[in-house]
Amino acid sequence: MSIAQVSVTRPVAVTMRIAALVLLGAVCLTKLPVDLLPNVSIPTVSVVTQWPNVSPEEVETELTRPIEEAVSATPNVSTVTSSSTLGSSTVRIQFGWGTDVGQAAIDVLQVVERARQNLPNDPTLQAPTVFKFDPSQLPILVYGVSGIDDPVKLRTLLDNEVSPLVEAANGVASAVTTGGNTRAILVNADPDRLRAYGLGIDDISKRIIQENLNLPAGIAKQSNTELTIRSLGWFDSPAQIAQVPLTSTNGRIVTVGDVATVTDAAQEQRLYTRLNGQLAAGIIISKQSGSNTVDTAKAVADKVAEVEKRYPQLKFSKVYDQSQFIDNAITDLKANAILGGVLAVVILLFFLRNVRSTLVVALSIPISITSTFSLLYMCGFSLNTMSLGGLALATGLIADDAVVVLENIYRHFERDRVRPADAAIAGTNEIMSAVFASTITVIVVFLPLLLIKGQTGQMFTQFALVVIFSISISLLDAVTVVPMLASRLMKDTDHDPAHKSHSLMQRTFDKFGEWFDSLDHTYRRGLTWTLRHRPLVIVSVLAVTGLSFLLLPQIGTEIMPQTDSGDMQINVKLQPGTSLATTDKLMQNVANVVQQNPNVETVFAASGSGLSLRGTSAALNGNQGALMIRLKDNRKKKTADVVNEMHAQFAKFPGARVSVNQVDVVSRILSGGNNNVEVDVFGSEIPQLASIGQDVVAKLRAIPGLSGVDVNWQEASPEMQWKIDRDKAIQQGVTFQDVATTLGAATNGQVSSYYQEKGYQYPIVVQVPEEKRRTEQQLNTLPISPTLAGVAPHTIMLQQVAHPVYAQGPGEITRQDRQRYIAITGTPQGRSSGELQKDITKALAGYQMPQGYYWDWGYNQKQQAQEFSGMGVAVALAIALIYMLLAAQFESFVHPLTILCSVPVASVGVLLALFLTGRSFGLTALIGVLMLVGIVVKNGILLVEYTNVLRARGYKRDEAVLEAGPTRLRPILMTTSATVLGMMPIALELGKGSETNGPMATAVIGGLLTSTFLTLFVVPTVYTLFDDLGRRFRKNDQDLAAPVLVEPTPAAVGDGALAAEASER
């Protein structure tokens, strides 16, 4: 008993199977987490080391190089890049794709620990910290907070009350406060008084550290009671700090208050943040790894609402919200999937011209999709743009098998006038082998994706598996659900003219039927003509295919299309050495210009050091600023258009270099940064690199479509370098560290301890007031106390052991694979990275670099080349696997070549569609090509398989070809129409986030339209050519057909179907 016969005779069992899968899928759907992309593991580990106030050149020599040498020996290292800045070293290790980043981080930690013995022995040098890159650590939310004018009170409230409350929200990993001003107890030392009492600045810090302590002492016993003994020395108030004794002079105790002023104030502000022009602070929120982004954002919103009730003076504004984009993208993808399914069903209704028959297919689509959710849940997948995009794009494919089976059932029912049950069994059995072969072909196409490493593998594994799951379930439904429903919904009276409806719908169906009959007749004549002019047809098709590849240079290339989340970032850079006050004033002017744009909703501006809009600190300097801009949801322009407008506005902004960039959420997650085009220039000497960098920047700025061109090298900053006379210093009992500590404490402040109040702690900062450290003369007279043993206590002035030299030093030194380099970057605007790469290559072709200096592409471009190479291998492997599968299916080495000839002709539509829509040829388009291979092969299988069936029944070759083509015309057009219309909403990029899958759908639709038309003529033509060649090689006239097929038996199909088969012979 066949599967179809079991399904028709046991409808309750089939119904319960459907109900169980649908119920399980519906339950799993409610449990699936929601995110933008699948979990992506970026094999990158960073080593960050802080060495306060040390120049970039010393950091490079003493820290960065030893760490680079150590980590380069770690297994699977791909690239090592580093950055040495003032007081900080960052070494970034990129491992090969597929490396366990957790184990890699452990390996790096071990080699760095061993390398610490080669690092400077300086108490101010902090231990290296190892981080592994996790995309989930990137901010999902940024709030701007205003309402309190006092920046100290605002920051204190956010640090102490608001941030901890937000961090308590479910799924939140951290809520970091930025901006405002941090409360601190300032100890402003007077250098004149210190000298008078023979004290140095460091003496104050040491005494505060010694006095501000709570220490356990032991246990005392009184009778039967044990008492814990503790020494309590924590300061109860700032006034107590002023009473701390420092020394004794002539019997008089000298206290901190005698040489310094103690105030409850704030640290020197080095970061100004503003929200829509008003002083404000920000809260940067990251989620826990694996948590649901949308649910986490909702939990945070609930906490924010609670905070607003508790502190009504605070005003919260969203500056960045990844969850909103995700929510909109997922909602729109669901809508597109539903719309695609509806369109597919509507077009099938016209072909079948029967509502009940169409209902069979209409029911199979939601059944297959809902059942797929259970497999997603079991595999640990999430609902994201890749998994849901796979379902949306597969909607047409899901209907394919049901359409083919139903059409064959319907053909038997109409032509043979048999009972619905007999038609259901006979039609399903006849087409089952072709349906299985074609569906398995699509599955095989996606298998190579599961073998690819890198971004492609991680990004598209879920996509591939979702398509495989859904079409596998649809295959099961096609051979069980479709015949069962068809046998119940089709009526014996459907082909009786007396029972025919004369409604407007039926008359419309009849008109469509007349048109299709005309098309069928035209196709028969066209196919006959084609078989008579085979050389001309083949040459014409080859010419058209070859000419289509002339479009390839006109189509751009990129890894991933840019998504439009409505977020922008503007970076501002002034001359090195520009004061923070000047930078802040100019930043206000920039923000004012931005706010006048009618598309802008929120502007969050930051001036100075201490903030990165990616959630890390110390990203900016006093001469730099950044703006995070959120556009209105109801804007009429795309973000790229707004970026171009502002780029033109700020092209010649006086006093600063302004770069305007679109924030690409997908690139931000995949690379931790952007989709920039990058040119790296390598060499040894920093001045020469800087000169070359400026030349390259000038050439790249002349390239249209490349905005925000800049170099990562920071221009030389003015420095006051203090040179120490070591002989004089040793005579005075002073060390280099004493001099550096005194200068650092005087000019930057020194956190000596922490003041405790109501469970919170605030830094106690020892410093020299700004008015007493402005000039060189004032610094010359800073007092220093000797620390070397054997030297009598006394005080000297800084000028006795050191003198200043004015110079300029690099702000940053970058290295790649232990070689100095600088990076010139630009953001694509309206053009693909592939197009820009061609223009950059032309622009730099005639530029002669000095010996030992050369340029190369940056990480994104190298990654693009690797990903494209991997996808090329995947496509080739897919075609090879399809050939093997078809050879096994047809027991022939020739028929698979006949079917695969439809693949090259599909390229005509792919290239033409991408060219006409202006879309780039990226990874998603390549996935579309991969999908297209499976779809066009399915059509070829239908033609060749039925041709072989007819020949096995006794038809001559040409008769079989001329009969198989028109017979399979309707199912081929039905499946093609259903697939095209099912993907159309995605191709039109209806809704947010559809930019990712848009090129994929465009490639499939374009290729499918041309390949379907050409396949209907090319496959029969090639079939006959190979058959003729086979006869010549065999030197006989025997037909080159498939093995004789086993004819259906009465038990398999029923008497009615068997009678129909007999009459057809």
Query raised in the report: within 28 Å of GLU995 (Cα to Cα), more than 27 Å from the chain's Cα centre (by Cα) and surrounded by fewer than 14 Cβ atoms within 10 Å (Cβ to Cβ), is that true of LEU542?
Result: no
Report summary line: Pairs returned, first residue in region 406-422 that is in the same structural domain as SER487 (by TED's automatic domain parsing), second residue that is polar (S, T, N, Q) and assigned to a loop (DSSP other than H, G, I, E, B), beta-carbon separation under 9 angstrom, 6 or more apart or interchain, are TYR410/ASN354
Query - Count of region 777-797 residues which are outside any strand (DSSP E or B) and in contact with a strand residue (DSSP E or B) (Cβ under 6 Å, 6 or more places away or on another chain) - result: 2
Query - Residue list for region 844-875, restricted to those being among the aliphatic types (A, V, I, L, M) and surrounded by 15 or more Cβ atoms within 10 Å (Cβ to Cβ) - result: LEU844, MET849, MET871, ALA874, VAL875
Requested in this report: Consider PRO56 carefully, then state whether it is surrounded by 22 or more Cβ atoms within 10 Å (Cβ to Cβ) and at pLDDT below 90.
Outcome: yes
Report task. Taking the residues in region 135-161 that are assigned to a loop (DSSP other than H, G, I, E, B) and touching a residue at least 40 places away in the same chain (Cβ under 8 Å) as candidates, determine which candidate is surrounded by the fewest Cβ atoms within 10 Å (Cβ to Cβ). Result -> ASP149
Requested in this report: Tell me the strands (runs of 3 or more DSSP E) entirely within region 170-268 that contain at least 2 residues that are hydrophobic (A, V, I, L, M, F, W, C), in contact (Cβ under 8 Å) with a residue 12 or more places away in the chain and crowded, with 19+ Cβ neighbours inside 10 Å.
Outcome: 172-179, 183-189, 260-266
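Given the options THR64, THR90, name the one that is crowded, with 17+ Cβ neighbours inside 10 Å, polar (S, T, N, Q) and part of a helix (DSSP H, G or I).
The match here is THR64.
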Requested in this report: Scan region 321-344 and give yes if some residue there is outside the structural domain of GLY389 (by TED's automatic domain parsing), surrounded by fewer than 20 Cβ atoms within 10 Å (Cβ to Cβ), within 30 Å of THR979 (Cβ to Cβ) and free of Cβ contacts under 8 Å to residues at least 24 places away in the same chain, otherwise no.
Outcome: yes
Query - Residue ID - farthest from GLN863 (Cα to Cα), chosen from residues in region 412-460 that are among the charged types (D, E, K, R) and part of a helix (DSSP H, G or I) - result: ASP416
Report task. Could you tell me whether region 801-816 includes any residue that is assigned to a loop (DSSP other than H, G, I, E, B) and of a type in the set (Lys, Arg)? Result -> no
Query raised in the report: Under 8 Å by Cβ, and 6 or more places apart or on different chains, what pairs join a residue from region 655-672 that is under 30 Å from THR456 (Cβ atoms) with one that is of a type in the set (Gly, Ala, Ser) and modelled with pLDDT under 75?
Result: SER667/GLY673
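Evaluate the following for LYS758: is it on the phi > 0 side of the Ramachandran plot, modelled with pLDDT of 85 or more and surrounded by fewer than 19 Cβ atoms within 10 Å (Cβ to Cβ)?
yes
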Report task. Name the single residue, out of those in region 779-798 being touching a Leu at 6+ places or on another chain (Cβ under 9 Å) and modelled with pLDDT under 90, that is nearest to ASP203 (Cα to Cα). Result -> SER785
Query raised in the report: Taking region 915-941 on its own, how many of its residues are among the hydroxyl-bearing types (Ser, Thr, Tyr) and in a helix (DSSP H, G or I)?
Result: 2
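Regarding region 878-892, can at least one residue be identified that is aromatic (Phe, Trp, Tyr), touching a residue at least 24 places away in the same chain (Cβ under 8 Å) and either crowded, with 20+ Cβ neighbours inside 10 Å or not in a loop (DSSP other than H, G, I, E, B) (or both)?
The answer is yes; a qualifying residue exists.
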Query - Answer from MET1, MET16 - the residue that is in contact (Cβ under 8 Å) with a residue 40 or more places away in the chain, exposed (fewer than 15 other Cβ atoms within 10 Å of the Cβ) and under 30 Å from VAL479 (Cβ atoms) - result: MET1
Query raised in the report: surrounded by fewer than 23 Cβ atoms within 10 Å (Cβ to Cβ), farther than 27 Å from THR428 by Cβ and not acidic (Asp, Glu), is that true of LEU923?
Result: no
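Within the bounds of region 942-952, is there any residue that is in a helix (DSSP H, G or I), of a type in the set (Val, Ile, Thr) and under 30 Å from THR563 (Cα atoms)?
no
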Query raised in the report: In region 442-463, which residues are among the aliphatic types (A, V, I, L, M) and within 20 Å of the chain's Cα centre (by Cα)?
Result: LEU449, LEU450, ILE452, MET459
**Report entry** Enumeration of residues in region 182-213 that are polar (S, T, N, Q) and out of contact with any Ser or Thr (no Cβ under 9 Å at 6 or more places or on another chain)
**Finding:** GLN210
Report task. Evaluate region 297-315: report whether one residue or more is among the small types (Gly, Ala, Ser), touching a strand residue (DSSP E or B) at 6+ places or on another chain (Cβ under 9 Å), assigned to a strand (DSSP E or B) and in contact (Cβ under 8 Å) with a residue 12 or more places away in the chain. Result -> no
Report task. Assess whether SER237 counts as being modelled with pLDDT under 90 and over 30 Å from GLY608 (Cβ atoms). Result -> no
Query raised in the report: Can you name the condition, by its number, that LEU670 falls short on among (1) closer than 30 Å to THR924 by Cα; (2) out of contact with any Ser or Thr (no Cβ under 8 Å at 6 or more places or on another chain); (3) at pLDDT 85 or above; (4) surrounded by 21 or more Cβ atoms within 10 Å (Cβ to Cβ)?
Result: (3)
Report task. Report whether or not ASP695 is surrounded by fewer than 19 Cβ atoms within 10 Å (Cβ to Cβ), among the acidic types (Asp, Glu) and either modelled with pLDDT under 90 or within 30 Å of PRO191 (Cα to Cα) (or both). Result -> no
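Of all residues being farther than 17 Å from VAL361 by Cα and either over 47 Å from the mean Cα position of the chain (by Cα) or without any contact (Cβ under 8 Å) to a residue 60 or more places away in the chain (or both) in region 423-441, which is surrounded by the most Cβ atoms within 10 Å (Cβ to Cβ)? Just the residue, please.
For region 423-441, the residue satisfying everything is ALA426.
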Report summary line: Of those in region 102-140 that are of a type in the set (A, V, I, L, M) and touching a Phe, Trp or Tyr at 6+ places or on another chain (Cβ under 7 Å), the residue farthest from VAL47 (Cα to Cα) is LEU125
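The values are calculated or read from the model by the stated rules, or taken from the named source; none is laboratory data. Small disclaimer: the values here were computed from a predicted structure and weren't measured. Counting neighbours? That spans all protein chains shown, and the Cβs are built from the backbone with ideal geometry, glycine included.
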